[in-house]
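Structure, as structure tokens:
The values are calculated or read from the model by the stated rules, or taken from the named source; none is laboratory data. Values in this document were obtained by computation on a predicted structure and should not be read as measured data. Note: ideal-geometry Cβ built from the backbone for every residue, glycine included; neighbour counts use all protein chains shown. Note: areas computed on protein heavy atoms with side chains; ligands, DNA, RNA excluded. Shrake-Rupley method; radii C 1.70, N 1.55, O 1.52, S 1.80 Å.
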Amino acid sequence: MKILVINAGSSSIKYQLYNMKDESVLASGRVERIGTESAIVTHEPAAGPGVREVSGILDHVTAVRRVLDLLLHREHGVVASIAEIEAVGHRVVHGGETFKASVLVDDEVKRSIRDLFDLAPLHNPAALMGINAVEQNMPNMPQAVVFDTAFHQTMPRHAYLYPIPMALYRRHKIRRYGFHGTSHFYVSERAAEMIGRPIAELKMITCHIGNGASCTAIQGGKSIDTSMGLTPLEGLMMGTRSGDIDPAVVPFVMSKEELTLGEVNSMLNKHSGMLAISGFSGDMREIVEAMEDGDRNAKLAFDMFCYRLRKYVGAYAAAMNGLDVLVFTAGIGENSAHVRKAVCEGLTFLGVQLDETANQRHSKDARFISAPDSRVKVLVVPTNEELIIARDTFRLVSERKAAGDSPVSRGQ
Ligand code: ADP
């Protein structure tokens, strides 16, 4: 069975075509700058040369049509007919409290995703555009949706509620949702597999640290707390996002600097984090380079980033009354030995002992970086959110077939 995975943004679509027989990627690519006369299409088949073209692509429907054309292309294509694709899986950022698992798309599901626009005004409308674009190009194609928030729906009330008037939760569903759920789920399962112990026995902390960053406490395979909240702004310091600050900073800055709500929102999301402290970049690679050249502000940004992450690891170890496994993933987690070292150095009290040579070694594979006698196992696990979307879609479609087309849903 071949599954197409789509991650639709407001002006972009990323895609992968999976062969579920061996979970290999047959082709991947993206369409960027949708809505302009100079959209960029990049298509990379697993074997053979890729394509990069610039053309006018004014909407998501046209973008999906172009993707299908490329998948079928005489020279660069990987399927002989669209009928070879059995289902499409979509990444959706916000599933609110409605979606605790991945589901097959129907009118009701689309309505619910629309109802959640308020909670994810930038992301959910784009995902729905992707779903509709597939529907228009491939009528009757089974589609599934996989939510970034779903894995965190196991959090207990004491972890997901904010200590603010309960009426706000009741009326507007203001609470912690958490994000990157598909990634935290994938790396936790993979880590348990590598350790060779049932995940049900393990207390884990997974650190997904890329441009966006979040940290999750996973007990017995279930998310019990996570650092992102109602939106992906809360928690760790990030490339350009502040993470945790005193909420009173918002009205204070608005009054002192005469800023609007929108301006403060933009300041906290786009002009804060490592970018604000370093003064020149929110990109960890550039921060580390400048730090090594003696830039003091870059060093401060690096230290703050690692310090704040280490505090979360300590807090989550306390939340679970122990820690067995610490996992690093995403751009920084997978590639920055400096960050991993700085975080782990302050965690010896928990039983974390890094193997410095293993930490420095570069590899694209999941691996241990803790010393053999470290009580807490530390691993680097490259994330693979697309694979989880493909697997969930495959499972849902297979279950529906087995059940003779009655609607089903399945947890991640
Ligand atoms: P996104 O959240 O956009 O998916 P990524 O997971 O790709 O982001 O992570 C991007 C971050 O990873 C950037 O801060 C980048 O500098 C960092 N990164 C990538 N490679 C390295 C590296 N070799 N050393 C340090 N940081 C790295």
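Values computed for the structure shown
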quantity: Amide H partners (placed H, <5 Å) of Ile369, local residues excluded; calculated: Val378, Leu379, Val380
quantity: Inter-site label distance for Asp293 and Leu261 at 7 Å from Cα along Cβ, in nm; calculated: 4.2
quantity: Additional length obtainable on full extension of the chain from Arg157 to Asn211, 0.36 nm per residue less Cα span; calculated: 16.6 nm
quantity: Quotient of Cα Rg and 2.2 N^0.38 Å for the chain, N being how many residues it contains; calculated: 1.00
quantity: Probe 1.4 Å, all protein chains present, accessible-area order of Ile164, Ile82, Ile113, largest first; calculated: Ile164, Ile82, Ile113
quantity: Calculated FRET value between Phe280 and Val249, using beta carbons and R₀ = 30 Å, to 0.05; calculated: 0.85
quantity: Restricting segment 110-184 to trypsin sites (Lys or Arg not before Pro) in coil, as DSSP defines it, with at most 16 other Cβ within 10 Å; calculated: Lys173
quantity: Computed E for Asp115/Ala80 - FRET, C-beta separation, R0 35 angstrom, nearest 0.05; calculated: 0.30
quantity: Computed [θ] at 222 nm, helices only, for the chain once each DSSP H run of length n ≥ 4 contributes -39500 (n - 2.57); calculated: -11500 deg cm²/dmol
quantity: FRET E, pair Met1, Asp106, Förster distance 25 Å, beta-carbon r, rounded to 0.05; calculated: 0.75
quantity: In degrees, nearest ten, helix 296-320 long axis to first principal axis of the chain (Cα); calculated: 80
quantity: Rounded D (µm²/s) - segment 1-88, Kirkwood Rh over Cα pairs, Stokes-Einstein at 4 °C, 1.567 mPa s; calculated: 100
quantity: log10 of Debye I(q)/I(0), alpha-carbon scatterers only, for segment 255-412 at 0.11, 0.16 Å⁻¹; calculated: -0.65, -1.00
quantity: Nearest 10 degrees, 0 to 90: helix 261-270 Cα axis against the chain principal axis; calculated: 90
quantity: C-alpha center-to-center spacing [segment 203-252, segment 26-68] in angstrom; calculated: 33
quantity: Per principal axis, descending, Cα span of segment 308-385 in whole Å; calculated: 32, 28, 18
quantity: Square roots of five times the Cα gyration tensor eigenvalues for segment 124-187, Å; calculated: 31, 16, 8
quantity: Cα radius of gyration and Dmax for segment 96-144 (Å); calculated: 10.8, 30
quantity: Gyration tensor verdict on segment 10-51 (Cα atoms; rounded if a/c is under 1.5, prolate if a/b is larger than b/c, oblate otherwise); calculated: oblate
quantity: Solution diffusion estimate, µm²/s, Stokes-Einstein, segment 138-252, Kirkwood Rh from C-alpha pairs, 37 °C, viscosity 0.692 mPa s; calculated: 210
quantity: Average projection area in nm² (convex hull over Cα atoms of segment 203-321, one quarter of hull surface); calculated: 8.0
quantity: Choice from Gly29, Gly262, Gly50 showing the highest fluctuation, given a GNM over the chain with Cα pairs closer than 10 Å; calculated: Gly262
quantity: Low-density loop positions, GluC sites (Glu not before Pro), segment 1-101 - DSSP coil, at most 11 other Cβ in 10 Å; calculated: Glu75
quantity: Ellipsoid semi-axes in whole angstrom, largest first, where each is sqrt(5λ) of the Cα gyration tensor of segment 8-146; calculated: 26, 18, 12
quantity: Rounded tilt (10° steps) of 124-137 against the dominant C-alpha axis of the chain; calculated: 20
quantity: Cα-projected label distance for Ala200 with Thr357, points at 7 Å along beta-carbon direction, nm; calculated: 3.8
quantity: Under 5 Å, built H, 5+ apart or other chain: amide partners of Gln143; calculated: Val88, Val105
quantity: Antiparallel DSSP beta bridges within the chain, percent to nearest 5; calculated: 70
quantity: Ile174, Ile218, ranked by accessible area, largest first (probe 1.4 Å); calculated: Ile174, Ile218
quantity: Inverse mean reciprocal Cα-Cα distance (Kirkwood Rh) of segment 66-194, Å; calculated: 16.7
